[in-house]
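Chemist: What follows is a structure written as structure tokens; I'll ask about it next.
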Amino acid sequence: MAAHEDAGQDRLTVRVRLRGETVVWTGLAYPGLDGSPVEEVRFRLDEYLGEVARAYAALSDQPR
């Protein structure tokens, strides 16, 4: 297991878990549309993996 580092002002720390066919992000704390804090976000696994693949392809196309 990797060493745990304390989150600082310049960091975003999110815990990512897989629960069946759902990807769950926890450890969040940002204001939602209604102003209440968002502490957890869930994604369908197929959509999540599709977005990861799209982002990877976009980054791979950038000059280095």
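The values are calculated or read from the model by the stated rules, or taken from the named source; none is laboratory data. It should be emphasised that the depicted structure is a prediction, and the values quoted were computed from it without experimental measurement. Counting neighbours? That spans all protein chains shown, and the Cβs are built from the backbone with ideal geometry, glycine included. Remember, those area values only see protein heavy atoms, side chains included, never the ligands or the DNA or RNA. Shrake-Rupley method; radii C 1.70, N 1.55, O 1.52, S 1.80 Å.
Chemist: Scan region 35-46 for residues that are within 14 Å of the chain's Cα centre (by Cα) and under 17 Å from Val14 (Cβ atoms) and jot them down. If you could, list the steps in order and put the result at the bottom.
Modeler: If we filter region 35-46 for residues that are within 14 Å of the chain's Cα centre (by Cα), which is where we start, we get 38-45.
Scanning region 35-46 gives Val38, Glu39, Glu40, Val41, Arg42, Phe43, Leu45.
Chemist: Now for a different question. Being modelled with pLDDT of 90 or more and either touching a Gly at 6+ places or on another chain (Cβ under 9 Å) or open to solvent by 80 Å² or more (accessible area, probe 1.4 Å) (or both) is the requirement here; does Glu5 meet it?
Modeler: Numbers: modelled with pLDDT of 90 or more: no; either touching a Gly at 6+ places or on another chain (Cβ under 9 Å) or open to solvent by 80 Å² or more (accessible area, probe 1.4 Å) (or both): yes.
Answer is no for this residue.
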